[in-house]
1. Could you tell me whether any residue of the stretch 69-80 is surrounded by fewer than 19 Cβ atoms within 10 Å (Cβ to Cβ) and part of a loop (DSSP other than H, G, I, E, B)?
2. Return the residue satisfying two criteria in turn: it lies in the stretch 73-85 and is more than 10 Å from L21 (Cα to Cα), small (G, A, S) and under 11 Å from the mean Cα position of the chain (by Cα), and of such residues it is modelled with the highest pLDDT.
3. Go through the stretch 36-62 residue by residue and tally those that are over 9 Å from the mean Cα position of the chain (by Cα), outside any loop (DSSP other than H, G, I, E, B) and among the hydroxyl-bearing types (S, T, Y).
4. Considering only residues of the stretch 29-58 that are among the hydrophobic types (A, V, I, L, M, F, W, C) and over 16 Å from V17 (Cβ atoms), which is surrounded by the most Cβ atoms within 10 Å (Cβ to Cβ)?
5. What tally of residues in the stretch 10-19 results from selecting those that are in a loop (DSSP other than H, G, I, E, B) and either in contact with a helix residue (DSSP H, G or I) (Cβ under 6 Å, 6 or more places away or on another chain) or closer than 13 Å to L52 by Cα (or both)?
Amino acid sequence: MTWQSRVANPHGVHCRVAAKLAEIAAAHKAQVWITGRGEPVDCSSILELLSLSLAQGSLVSFTAEGSEAAQAAEAIDRLFSSGAES
(Lines give C-alpha, C1' and ligand atoms only; values in the text may rest on other atoms or scores of the structure.)
Protein backbone atom coordinates (compact mmCIF):
# COMPACT_ATOMS: atom_id res chain seq x y z
CA MET A 1 0.00 0.00 0.00
CA THR A 2 1.18 3.51 -0.77
CA TRP A 3 0.05 6.84 0.65
CA GLN A 4 1.21 10.42 1.06
CA SER A 5 1.42 12.61 4.12
CA ARG A 6 2.65 16.08 4.93
CA VAL A 7 4.98 16.81 7.86
CA ALA A 8 2.90 18.92 10.26
CA ASN A 9 5.42 19.30 13.08
CA PRO A 10 6.86 22.84 13.20
CA HIS A 11 10.33 21.35 13.80
CA GLY A 12 10.09 18.81 11.00
CA VAL A 13 11.31 15.24 11.41
CA HIS A 14 13.86 15.51 14.19
CA CYS A 15 15.30 12.83 16.51
CA ARG A 16 12.18 12.20 18.61
CA VAL A 17 9.88 12.06 15.59
CA ALA A 18 12.28 9.73 13.78
CA ALA A 19 12.45 7.52 16.88
CA LYS A 20 8.64 7.37 17.09
CA LEU A 21 8.40 6.55 13.40
CA ALA A 22 10.98 3.77 13.74
CA GLU A 23 9.11 2.46 16.80
CA ILE A 24 5.84 2.32 14.86
CA ALA A 25 7.55 0.53 11.97
CA ALA A 26 9.10 -2.01 14.34
CA ALA A 27 5.82 -2.64 16.19
CA HIS A 28 4.00 -3.86 13.09
CA LYS A 29 4.52 -6.88 10.88
CA ALA A 30 5.26 -4.69 7.89
CA GLN A 31 8.16 -3.16 6.05
CA VAL A 32 7.69 0.58 5.74
CA TRP A 33 9.60 2.91 3.43
CA ILE A 34 9.47 6.69 3.19
CA THR A 35 10.41 8.80 0.18
CA GLY A 36 10.94 12.45 0.84
CA ARG A 37 13.82 13.55 -1.35
CA GLY A 38 14.59 10.98 -3.99
CA GLU A 39 15.38 7.43 -2.90
CA PRO A 40 13.16 5.62 -0.39
CA VAL A 41 14.59 4.89 3.05
CA ASP A 42 13.65 2.25 5.61
CA CYS A 43 11.46 3.70 8.36
CA SER A 44 13.05 1.42 10.94
CA SER A 45 16.35 3.31 10.61
CA ILE A 46 16.49 6.53 12.62
CA LEU A 47 19.68 7.63 10.86
CA GLU A 48 18.17 7.14 7.41
CA LEU A 49 15.06 9.07 8.47
CA LEU A 50 17.16 11.97 9.76
CA SER A 51 19.18 11.99 6.54
CA LEU A 52 16.06 13.16 4.70
CA SER A 53 16.10 16.51 6.59
CA LEU A 54 12.32 16.83 6.33
CA ALA A 55 10.96 20.23 7.33
CA GLN A 56 7.42 21.23 8.23
CA GLY A 57 5.23 21.11 5.15
CA SER A 58 7.34 18.50 3.34
CA LEU A 59 5.24 16.08 1.31
CA VAL A 60 6.39 12.49 1.69
CA SER A 61 5.30 9.17 0.25
CA PHE A 62 5.13 5.96 2.24
CA THR A 63 5.02 2.36 1.09
CA ALA A 64 4.12 -0.45 3.46
CA GLU A 65 4.10 -4.17 2.76
CA GLY A 66 3.16 -6.99 5.08
CA SER A 67 0.28 -8.40 7.08
CA GLU A 68 -0.02 -5.28 9.28
CA ALA A 69 0.64 -2.67 6.59
CA ALA A 70 -2.74 -0.99 7.06
CA GLN A 71 -2.26 -0.67 10.83
CA ALA A 72 1.24 0.74 10.36
CA ALA A 73 -0.06 3.22 7.79
CA GLU A 74 -2.80 4.43 10.13
CA ALA A 75 -0.38 4.93 13.04
CA ILE A 76 2.19 6.72 10.88
CA ASP A 77 -0.41 8.98 9.31
CA ARG A 78 -1.64 9.98 12.78
CA LEU A 79 1.93 10.76 13.83
CA PHE A 80 2.66 12.88 10.77
CA SER A 81 -0.62 14.74 10.45
CA SER A 82 -1.09 15.61 14.11
CA GLY A 83 1.89 17.97 14.35
CA ALA A 84 1.86 17.22 18.07
CA GLU A 85 4.95 15.04 18.10
CA SER A 86 7.57 16.70 20.26
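The values are calculated or read from the model by the stated rules, or taken from the named source; none is laboratory data. Source: prediction; values computed, not measured. Here the Cβ positions follow ideal geometry from the backbone for every residue, glycine too, while neighbour counts run over all protein chains shown.
1. no
2. Restricting to residues being more than 10 Å from L21 (Cα to Cα), small (G, A, S) and under 11 Å from the mean Cα position of the chain (by Cα), the top hit is A73.
3. Final tally of qualifying residues: 1.
4. A30
5. 3
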